[in-house]
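Have a look at the structure below before the remarks.
Values quoted throughout were computed directly from the atomic coordinates according to the rules given, and no laboratory measurement underlies them. These numbers were taken from a predicted model, which means no experiment stands behind them. Cβ atoms come from the backbone with ideal geometry, glycine included; neighbour counts cover every protein chain shown.
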């Protein structure tokens, strides 16, 4: 068979892309190898400039190649080169430019590239700033790059059954699928993209993934420092530089996760910022481990305790990131997560990634374990370090519990693999399960955070004053927290004692840290980060308590259930009809209108807050919307809308729509289910069904209808009808329309929602109205001007020919020869109508356009003209006059109303406390990082406390801070 | 007195307690027959019985949705979910419902659906066909 020579493919670009992946991969291996030699030389104290140069060069080329790959792939996507599978799957012609980036990192390959990109950037920063740590740290990062780049190779290795290494983003569609369209050489012009998942078309999705991936990627640096320190046996020197990086990592990863929560809250409709979804959980665990590591790192840096713990936390933090990407990308989560990636056949490689780096950490740690310095004497229970260490243990516990529960699907798979015969376990109510345990993590963390600030730092109290003063301040803090807890507890809708404990821990954390801010003798820059983070943490807990426990449904309709179901099962959804205000749970809710904009339909819902005595308070309109697929076949997603107040949010989204608004299929099914009954009516006549009286009022030949746009040449018929209910005294008017356009009939029915009725005009209304041609009894006559022919009571008189040749149903074309016959119709001697039948010759073919007069039932044709005698051959007929004609109308009385929405509306009190608290906490980490960097660059004095034995308060000079240089 | 061993002991004790109590939150995937006999909250995985009626009439009650699920053993039961009907429900391949059997029907308080990947068919991406 001949090879097909395809046209318009961008094969060169694809080839360049693949070559760039290979180049990057080779350079990554090169930098790994040269890094190992450079580090080994460094350890022996030998010169290693050669190796260093090679490390730097190859790492640089690798980074540039990765940037090149990204630019190339983005170019392909913006130019819609659909012959590439990755482009075809993630963009389409309609996708706005700003979402091309979102589409880029929607897929696995794109997200790997993002990760590789950040690793390259981080490695670059290490290269320029890490000093003697440069070679070993960069070596470890290079090893990660090697494995990640292998995921993009897409080459088949000759062992096993076609083992494929990686998946290339530059595959052509025809290499992946085998479908008939690839038999056409010009298939490129025939295909289009499938586009971006509408749920992801949200501005958070432009910045959330890169931030999150920067956070994920940055955990490699603490890991690399830990392995490097173990490698070169410098167990103390790494503690200072790594702290800056782990603060960065904690801050950015946290912000990335938070953005995900903001997206979920704004764009998804589960109603909340956190759902304990596996994907969320596995990104939270690394963050918890890094934060635990930051605390033990601080302890280790100042006292020499907890060095081993710091190693363990940083090593585990990165392994947890790898495990997270394994869980979300391998498809193993399957049925437990909504947003896991689809399978790509990379499971084995992903598993290799996790296991190899886990083993790398484990082996290095095991080899050096006995050499890691430790203190013989234990930390005193009254020292701050001791409590910080305990806090880190709690964080480890928290992460462990979350990870264990999230990993159930993995445990099930492992059990299957080894045929252990275990039953598949699953968590019944995940949210309740996680909340139950993590609540206590919050309690312990809050308490430790608070009390630690009152304890001695490094063997002496930094908080000024005697221990008596300290106790008083602590007492005040406890008292204030206790009072606020009582207030809070009374305000909470759900009264569980454990929530009171959590509230107390949270307030205590906030107040003790504020106290610490004002009384600590440390320089402001040294406590501001810590205080912001800890106050933020406490505030976040309070926000979670309020928005979680006190959230309530406006839409909860307590009347809907008839005792069949328990209290907790009363639903969250309520149906509201357009224009009918509904009072529920302190709000008057009205569905005002809906509007279509592109492929989204906005539903405008008005809320008016009502007090008990009916006074109207806040009033606002929310517009949740239904987003349709690009072909408008069905709703792709229902997106919420939220009104923000300083103390609460009102969140609403649509949960149900009438079939007509949901999908084309359902709309058709609905139309098919209608039971139309036919009623032929004369104008002014009525008929009755069991429920209604239907009256035909008048006929409109220039009708209007919301869905009908008139065009010239249309033959349209609108029937004005009146529909009355027999049991009530209510009347509705409607005007259904039927249109004949170029031999096709279009029907525009009218829905009468209050009566659940639908009325349409059937096609044969035309023949009824205008007379059925085949039933007419035409009489032929050859007439000279002035001559007449009589049918029944009417006399048709031929007046003259008219060359103007005009008729509403005739469109003149180039080369036509056309003529009118002007007829006058007389009855009882008086002219009652003028008629103008038309005859024409087009392309040597004769044609005619009949004329009719509906009112009297007159029909006239011009069949032939005789230029020699000046006579016309006309055909005339008479039918029933209009008032005697019966027009068919069809009425369906089972047409459920279509002017409603089902919606869910939730109030989230205090949700801003959650956002503010979380942002403060993460900002605290970044502030601390900023000051540590400033400290390193000698912009502010390095602060090293001497171990104080004389029990005097060291007072670093706060006032004489040198001005920053430069 | 050495504190580390004590801390270690407390940690282990806490871990054991958590592990034991967390076991209560978990269950195995059950069949309808097991759900009937156990009368507790279970998870049943199965597929939508597409030949049986799917009932959701928001005008009557926007919080009542019922359908039939065929479990792994092939047993079909009516499932009642007190919520609105989710998008694309008819397209779901696999359904996991959490709840209990009550009066011969499965009263669910949570449901997970797995829908087929969207863009598998050729027709979807040929121009003018969509």
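Miscellaneous remarks
- Sorting the segments A:896-908, A:614-626, A:832-844, A:310-322 by their mean number of nearby beta carbons within 10 angstrom, highest to lowest, gives A:310-322, A:896-908, A:832-844, A:614-626.
- Taking A:604, A:235 and counting other C-beta atoms within 10 Å, the order from fewest to most: A:604, A:235
- Compared with the dominant Cα axis of chain A, that is its longest principal axis, helix A:430-452 is turned about 40°.
- The stretch between residue A:411 and residue A:597 holds 62.2 nm of extra length on full extension. This uses 0.36 nm per residue minus the Cα-Cα distance.
- Counting only DSSP H runs of at least 4 residues, each contributing -39500 (n - 2.57), and dividing by the residue count of chain B, the helix-based mean residue ellipticity at 222 nm comes to -6500 deg cm²/dmol.
- Calculated FRET value between residue A:848 and residue A:804, using beta carbons and R₀ = 22 Å, to 0.05: 0.85
- Each of A:78, A:869 was scored by other Cβ atoms within 10 Å of its Cβ. Arranged with the fewest first, they read A:869, A:78.
- Every helix of 4 or more DSSP H residues in chain A counts as -39500 (n - 2.57), and over all residues that averages to -15000 deg cm²/dmol at 222 nm.
- Full extension of the segment from residue A:435 to residue A:668, taken as 0.36 nm per residue of separation minus the current Cα-Cα distance, would add 79.4 nm.
- Angle in degrees between helix A:384-406 and the longest Cα principal axis of chain A, rounded to the nearest 10: 40 degrees
- Fewest-first ordering of A:153, A:873 by other beta carbons within 10 Å of each residue's beta carbon gives A:873, A:153.
- Rounded tilt (10° steps) of A:524-549 against the dominant C-alpha axis of chain A: 50 degrees
- Label-point gap, in nm, between residue A:678 and residue A:471 - each point 7 angstrom along Cα→Cβ: 10.0 nm
- Taking 0.36 nm per residue of separation and subtracting the Cα-Cα distance, full extension of the segment from residue A:793 to residue A:5 would add 276.0 nm.
- In angstrom, the C-alpha Rg and Dmax of the protein assembly as shown are 38.8, 138.
- A Förster distance of 35 Å, applied to the separation of the beta-carbon atoms of residue A:478 and residue A:582, puts the FRET efficiency at 0.15.
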